[in-house]
1. Give me a count of the residues in the range 232-244 that are in contact with a Leu (Cβ under 6 Å, 6 or more places away or on another chain) and part of a strand (DSSP E or B).
2. Kindly indicate whether V289 is aliphatic (A, V, I, L, M), modelled with pLDDT of 85 or more and crowded, with 23+ Cβ neighbours inside 10 Å.
3. So is R304 open to solvent by 10 Å² or more (accessible area, probe 1.4 Å), among the basic types (K, R) and at pLDDT below 90 or not?
4. Here are the criteria: (1) surrounded by 16 or more Cβ atoms within 10 Å (Cβ to Cβ); (2) more than 30 Å from the chain's Cα centre (by Cα). Tell me which single one G562 does not satisfy.
5. Out of the residues in the range 126-149 meeting the condition of being at pLDDT 95 or above and not aliphatic (A, V, I, L, M), tell me which one is farthest from N242 (Cα to Cα).
6. Hey, any hits in the range 9-24 for a residue that's open to solvent by 20 Å² or more (accessible area, probe 1.4 Å), at pLDDT 95 or above and within 35 Å of the chain's Cα centre (by Cα)?
7. What's the total number of residues in the range 382-406 that are in contact with a helix residue (DSSP H, G or I) (Cβ under 7 Å, 6 or more places away or on another chain), open to solvent by 70 Å² or more (accessible area, probe 1.4 Å) and assigned to a loop (DSSP other than H, G, I, E, B)?
8. Scan the range 413-432 and tell me whether some residue there is of a type in the set (D, E) and out of contact with any strand residue (DSSP E or B) (no Cβ under 7 Å at 6 or more places or on another chain).
Amino acid sequence: MTAQTLHLLVTAGPTYSPSSHHLLPINTSTPLQIHSPHITAGITIRIQNYRGLPSSSPSTSSYFTSAQHKADLYSIAFSFTLNEDIPGTDLLFGNDFEKPIRDRLPTGFGTAYRLLRWAIDPGLDGDVYAEHPYLYGPLLSSINVLRVGGKEKASGSEHKSVREHKSVKEHTGNTKHDDQEQKEVGDDIITEGADGEEAESIRLDLKIPDDGAKRMKHFLNKAHKEAFVFEAGRKYSCDFFNGYLDFNDLALKLPGVTMKLVDFWDGQPLRYVLKHRNVAKGIDQELFVITFTLIPEEELEAQREKWEGSGAGGKGDAKEKEKSQKESKGQDEHKKQEGFQDDDKAPSRETFAPLSLLQDCINLTHRRTSIHHDFVTMKLLTPIQITAYLDRINLPKKYYPESKPTIDLAYITTLHVHHITSIPYENLSIHYSKEHNVSIEPDYLFDKIVRRGRGRGGYCMEIGLLFHRLLRSLNIRSYMAPARSRLRNEHNIPFGPYLGISHLVQIVTLPDSSRYALDVCYGGDGPTAPLTLESGKACRNLGTQEVRLVNRHLDEHVEPAGQLKSWVYEYRNAADREWEALYSFGEYEFFEEDFRAINFGVSRDESCFQTFTVIAVMFLGQEEKNRGTGDGNIGGEQEQDERKDGKKEDEEDMVVVGKVMLKDAVLKRNMGGKTEVVQLCKTEKERLKVIREVFGIELTEDEKEGIKGWRTELEG
C-alpha cells in the first residue's frame, strides 16, 4: 500500500466519541463550528495538495501563497469562546492516543522527545510510553499564533454539539486600529496581536510580546502563564502550522531526511485536542477533538457515503446524530487524568500517531531556541504516580507522603527493603523482545515497572533511574553515583580489575546530615538495606553474610594513594571468610544523560554478560518465604503472616529472609544459608513458567516470541 492509494478524512467534534464528530471541509472559507456546554469554537483546516474527503475540497488554499506561509504544508486554525474562565496554566493543546505507541516509535524519537521536553518547553506534560499516550503543552506556549479578541456575550443555553458549517469571521488585521472590521477563522489569515483597545491592553499589561515566537518563549515562564486567564465570553483565535508533515506524500520531511508515514501505521488516528486540565482539581475535560484518518482506496466510496451522504451535516444518518446529542450531555463531568480515556473515543481507521509526536518535537525545536537551567532538571513523579509507585512496592500507608513520615534511616530502610522484595532485578528486555535492547526513558520505565501491572522489573540502570525519580519526588536529597563492577569466576567469586562503569548507586543525605548509599538494583549479592558512608562499618545482609563500604585507593587509580579514593562495596559470607570486593563508586554525580550512553553499551555489547545471560533475582520477605518451592501462592498475592503479637507484617519493619535467582536455565534459592538448586529448565516453556510463577512476571506473546533464534533461547 502506498501513499497514493490512501485518502485523508478529517473530522472534529466536542468530545472524543466518533459519533459526536462531523466532517471538516478542507481548504475552504467555511469553518466547522462547535458548540458545547464548555466552548463555542470555529475550526478551519488547510492542507497543501489535499487528497481526501469531502470530495469537493480544493487541493490547496491561498493561505499557502501568502508570504508568511509559503513553506508550510498544513494549518489548524481555530477561534473559540469559553463559557468559564480557565487559567493560562490549564488550557492545553496537543496529541493523545487511545492505544500504546511505544513499539512503533521511530528511530531518533527519544532524542527529539527529550529535547522537546527539557530543552524546549519544560511546561510540556507527556507520557508517550503509557498505555494511553499523550503529549500536551500550554496553549500559550505551544500555538504559533495567538490573537486576543473582544469580550462577547456567553453562548447561553444553546448547546448543540456541532452546528453545521456556518460561516464565522476571523480575527485578523492590524492590532492598532480599533475601527477595523474583525474577521474570524475563514479565508483570511490569523495574525499575532489583539482586536480593540481592551484586548490590546491585556497584552500590554501582561507584557506579552507582539511576535509569536517571542510570546511562546515568554510563556515558558510559569509566573507568566499563571498571570494569564482565558476569560469566559472573550474570543481568542489561534493558528498551528508547520512545513514538516506532508499529508499528500504521507511523509515527515525533516532537514536532510524524509520519513514515510506508512512505515509507522499503528491502527489509530492522529488526534489534536484542546483541553482543560488541572491535575490538582481532578479536571480533564476535552473542549474539542480533531482527528486525521487515512482511508484505503477500496473503502473510499463507503466512507464518502457515510460522511457525505446525508448532506450538510456531514453525518451518515439520523441515528448517529441522535447518539451524538445524547453523548454530548453530561460532558461537564470531570474525567480521569493522566491520559486515560474511555474505550469508545478513537476512530478505528489506520493512521500514523507515532510520527505526529516526532513531527511536533521537530516543529517546536525549530521554533524555540532558548535554553536555561530548568530545562535539564529531572522530571519528578506526580502525586498520583508516587502513590502508584508506593502501591507497587507494597509500602505501609504510614510511609506515604500524606502521612507526613519522618525522613530518617528507618524511612529509607523501609523504602529499600520493600523495593527489593517487590520489584525483581531482571534483564529480560534484552532477551525476550524483538529489539533486544533496553530503554531507560523515564516515562517508559514508570510504565513498564509500575503502571502495566505485569510484575516487571529491570536491570541496574532501569531500576536505579526509576528509584532515583522516586527519591527526588519524595523530597529526599540524593544523587546518582556511577559504579565499576568486577568480573566473577566459575565459583562466582569476584576477581580482576574494576572495569568500566556499568552500575549506579544512590547517595542519600538525611536531614541530620548522615549519608548512606542505597543500591536496590544490583541483584543477588546486593545490599538488603542502606549502607552508611562510614568506612569499614559492617552490617548483616542476608543470613550470615555481612557487607560494608570501605573508602580506599584502588590499584587502578593513577593518582597517588591518599589523593584519590573510591568507596568499595565488599561482602563476606561468614565471619571467618575473606572480604570480597564487588564494585566501587566515587562521590560524584552522574545525570540521566550520562547513563544513556552507558546503558547503550551494557545492553548492546556482545562481550557484556548481560547480553548472553538471562537473569532474574527477587529478594523475599517473611510472607514470601515459600516462593520458589512450589508451596503457597507463588507469584501472586501472598497471605500476610500473623506475628506472635498479632500484628500484620506490614505494621512492622519487613525483614528480608531469602532470595530466588534465575540464571539462564537454573533456578536457585537461598534462605540465608547455603544456595540450593531448585529447578533446571530444559525448555523455554519451563523457563517461562518459572518467570511467571516464581518471579510474578507476565511476558506478552510478542515478548515471548522475541527470544526465538536469540543466543539465549533454550532449544530443548
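The values are calculated or read from the model by the stated rules, or taken from the named source; none is laboratory data. Everything numeric here is computed off the predicted structure, so don't read it as measured data. Using ideal geometry, Cβ is built from the backbone for each residue, glycine included, and neighbour counts are taken over all protein chains shown. To get the accessible areas, we keep the full protein, side chains included, count just its heavy atoms, and leave off ligands, DNA and RNA. Shrake-Rupley method; radii C 1.70, N 1.55, O 1.52, S 1.80 Å.
1. Counting residues in the range 232-244 that are in contact with a Leu (Cβ under 6 Å, 6 or more places away or on another chain) and part of a strand (DSSP E or B) gives 2.
2. Working: aliphatic (A, V, I, L, M): yes; modelled with pLDDT of 85 or more: yes; crowded, with 23+ Cβ neighbours inside 10 Å: yes.
Judged against the criteria, V289 is a match.
3. Working: open to solvent by 10 Å² or more (accessible area, probe 1.4 Å): yes; among the basic types (K, R): yes; at pLDDT below 90: yes.
So R304 passes the test.
4. Answer for G562: the failing condition is (1).
5. Looking at residues that are at pLDDT 95 or above and not aliphatic (A, V, I, L, M), I get G149.
6. Restricting attention to the range 9-24, the residues satisfying the condition of being open to solvent by 20 Å² or more (accessible area, probe 1.4 Å) are 18.
Checking the rest, the ones that are also at pLDDT 95 or above come to none.
Taking every residue of the range 9-24 in turn, none turns out to be open to solvent by 20 Å² or more (accessible area, probe 1.4 Å), at pLDDT 95 or above and within 35 Å of the chain's Cα centre (by Cα).
7. Residues of the range 382-406 in contact with a helix residue (DSSP H, G or I) (Cβ under 7 Å, 6 or more places away or on another chain): 385-386, 388-389, 392-397, 399-401, 403, 405.
The next check asks that each one be open to solvent by 70 Å² or more (accessible area, probe 1.4 Å); those that pass are 394, 397.
Then keep just the ones that are assigned to a loop (DSSP other than H, G, I, E, B); that gives 394.
Matching residues across the range 382-406 total 1.
8. First pass over the range 413-432, keeping only residues of a type in the set (D, E): 426.
Keeping just the survivors that are out of contact with any strand residue (DSSP E or B) (no Cβ under 7 Å at 6 or more places or on another chain) gives none.
No, the range 413-432 contains no residue that is of a type in the set (D, E) and out of contact with any strand residue (DSSP E or B) (no Cβ under 7 Å at 6 or more places or on another chain).
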